[in-house]
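S.K.: Let me give you the structure first, and then I'll get to my questions.
The values are calculated or read from the model by the stated rules, or taken from the named source; none is laboratory data. This is a predicted model, so every value here is computed, not measured. Neighbour counts are summed over all protein chains in view; Cβ atoms, including those assigned to glycine, are modelled from backbone coordinates with ideal geometry.
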Amino acid sequence: MFKRTQIFKPNAQAARHEAAILALVSVCVSVVLVWKAPDFWAIFVSELGRAFQYVGANTHLQIVMALRYQTDLFQNLATQVVTKGEWACLETGPRPIPFEIRIKSAVMIAACDISVIIPTLNEEKYLPRCLESLVNESRKAPAEIIVVDGGSKDGSVQLAKQYADKVLLEPARPVGAARNVGAKHAEGEILAFIDADTMAGKNWLEEIAETFRSTRRAVGVTGPTHPYEGTQLDKLAYHVATGWAQRLSLRFGRPHVAGLNCAYRRKAFWDAGGFDENRVLSEDVMLSLRMRHQGQIVFNPEMIAYTSLRRIKKYGYLYLTTYYAINGAMMVLFDRTLGYPQVR
């Protein structure tokens, strides 16, 4: 017992010193903040009043609490300053930018850098809607847009070049392989996926970013997908399939995430192996089942996308429901999938 005390005591002393140093640095930083924003004085007093309460800590628990509090203090101070302080800006050009806007922009870019990947094949009819929805939203939440074309014979590539940051050609490859190619060329730490016949909701990018900022354990996020045309029956069918069904699949630990509306952290995505490049159907579901071992997949009800009904118009609900049921059975029993019902 005596030896254990001898070993712990120097560590405790060092921890107390560290807590005191952190408290002193907090005071110095806060004094500068008060000088920049006088209204911050009230916040300074309330926050720093607790900063020294653990300096004289004697027990291990008190020391741990001191270090934890000092670590959180900087984040609390910065948050209060950004939300309440009217700061004078630094001159970087003829048009000054408010300091709090700089902070928010820097945090957003550092915390959630998004690349959006869109596979295409003869999509000139639908692609402009998809790209316009992303470009319009990128003015609020900057994102890299990547189109991966599978060998289109129409004007898809020319249209993509008008909007996208990168247009990659990957002919005669399954959609999963196209998505992986886009992910390899992406610069963002978040990989978002949407289909060419699908439009992003007005806050799609912002909701992706907010999910990953607010849920640190999240490695993936998805949301509801609605038809942007059709009847009330069509809307109800999609509400059930991409709303209730996806929520239940996540709740029961068997996520079935559709590739037309999802986003993943880059590292977790590659750790899970990316999309299956040899499957032409359910490659997105198979990825989500592997991603669950990397961390949490979140359902964000505000991450809304709108897709076309072209496949339903061609085949009908009865045919597609039967087809996907057979495909699901083959996945479970034989680890094989059917081909994708073509619409082009």
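S.K.: From Ile312, Ile297, which residue is of a type in the set (A, V, I, L, M), at pLDDT 85 or above and outside any helix (DSSP H, G or I)?
M.R.: Values: Ile312 fails: outside any helix (DSSP H, G or I).
Exactly one residue qualifies, and that residue is Ile297.
S.K.: Which of (1) closer than 29 Å to Lys202 by Cα; (2) assigned to a loop (DSSP other than H, G, I, E, B) does Ser249 not meet, given it meets every other one?
M.R.: The one condition Ser249 does not meet is (2).
S.K.: So Arg290 fits all but one of (1) surrounded by 14 or more Cβ atoms within 10 Å (Cβ to Cβ); (2) more than 29 Å from the chain's Cα centre (by Cα); what number is the exception?
M.R.: Evaluating Arg290 over (1) surrounded by 14 or more Cβ atoms within 10 Å (Cβ to Cβ); (2) more than 29 Å from the chain's Cα centre (by Cα) leaves (2) as the failure.
S.K.: Related question: Identify all residues within region 178-205 that are within 23 Å of Arg310 (Cα to Cα) and assigned to a helix (DSSP H, G or I); write none if there are none.
M.R.: Those that are within 23 Å of Arg310 (Cα to Cα) and assigned to a helix (DSSP H, G or I): Ala178, Arg179, Trp204.
Table: residues versus (1) among the charged types (D, E, K, R); (2) in the same structural domain as Glu277 (by TED's automatic domain parsing); (3) closer than 25 Å to Glu277 by Cβ.
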position: Ala141; (1), (2), (3): no, yes, no
position: Ala164; (1), (2), (3): no, yes, yes
position: Glu170; (1), (2), (3): yes, yes, yes
position: Asn180; (1), (2), (3): no, yes, yes
position: Gly201; (1), (2), (3): no, yes, no
position: Thr211; (1), (2), (3): no, yes, no
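S.K.: Give the residues of region 264-285 that are in a helix (DSSP H, G or I) and surrounded by fewer than 20 Cβ atoms within 10 Å (Cβ to Cβ), sorted by residue number. Write out each step before concluding.
M.R.: Narrowing region 264-285 to residues in a helix (DSSP H, G or I): 266-271, 283-285.
Selection gives Arg266, Lys267, Ala268, Trp270, Asp271.
S.K.: Anything in region 103-125 that is surrounded by fewer than 20 Cβ atoms within 10 Å (Cβ to Cβ) and either of a type in the set (Ser, Thr, Tyr) or modelled with pLDDT under 50 (or both)? List them, or say none.
M.R.: Ile103, Lys104, Ser105, Ala106, Val107, Met108, Ile109, Ala110, Ala111
S.K.: Given the structure, is Glu229 in a helix (DSSP H, G or I) and either outside the structural domain of Asp284 (by TED's automatic domain parsing) or surrounded by fewer than 21 Cβ atoms within 10 Å (Cβ to Cβ) (or both)?
M.R.: Numbers: in a helix (DSSP H, G or I): no; either outside the structural domain of Asp284 (by TED's automatic domain parsing) or surrounded by fewer than 21 Cβ atoms within 10 Å (Cβ to Cβ) (or both): yes.
No.
S.K.: Taking into account only those residues within region 221-260 that are aliphatic (A, V, I, L, M) and over 19 Å from the mean Cα position of the chain (by Cα), which is nearest to Val298 (Cα to Cα)? It would help to see each step written out before you state the result.
M.R.: Kept after step one, since they are aliphatic (A, V, I, L, M), are these residues of region 221-260: 221, 233, 236-237, 240-241, 245, 248, 250, 257-258, 260.
In the following step, the residues that additionally are over 19 Å from the mean Cα position of the chain (by Cα) were identified as 233, 236-237, 240-241, 245, 248.
Details: Leu233: 27, Leu236: 22, Ala237: 22, Val240: 17, Ala241: 16, Ala245: 14, Leu248: 12 Å.
Filtering first and then ranking leaves Leu248.
S.K.: Shifting gears a bit: Within region 172-194, does at least one residue satisfy the condition of being modelled with pLDDT of 95 or more and over 18 Å from Ser115 (Cβ atoms)?
M.R.: For region 172-194, residues modelled with pLDDT of 95 or more and over 18 Å from Ser115 (Cβ atoms): absent.
S.K.: Would you mention how many residues in region 143-160 are within 25 Å of the chain's Cα centre (by Cα) and charged (D, E, K, R)? Walk me through how you get there before you give the answer.
M.R.: Looking only at region 143-160, we keep the residues that are within 25 Å of the chain's Cα centre (by Cα), and these are 143-149, 160.
In the following step, the residues that additionally are charged (D, E, K, R) were identified as 144, 149.
The qualifying residues number 2.
Residue by residue, here is whether (1) surrounded by fewer than 20 Cβ atoms within 10 Å (Cβ to Cβ); (2) touching a helix residue (DSSP H, G or I) at 6+ places or on another chain (Cβ under 6 Å) holds:
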{"position": "Gly150", "(1), (2)": "no, yes"}
{"position": "Leu191", "(1), (2)": "no, yes"}
{"position": "Asp195", "(1), (2)": "no, no"}
{"position": "Leu248", "(1), (2)": "yes, no"}
{"position": "Arg251", "(1), (2)": "yes, no"}
{"position": "Asn261", "(1), (2)": "no, no"}
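S.K.: What's the number of the condition Asp234 fails, among (1) touching a Pro at 6+ places or on another chain (Cβ under 8 Å); (2) at positive phi?
M.R.: Going through the list (1) touching a Pro at 6+ places or on another chain (Cβ under 8 Å); (2) at positive phi, Asp234 breaks only (2).
S.K.: In region 148-165, which residues are within 25 Å of Met303 (Cα to Cα) and either in a loop (DSSP other than H, G, I, E, B) or touching a Gly at 6+ places or on another chain (Cβ under 8 Å) (or both)?
M.R.: Val148, Ala164, Asp165
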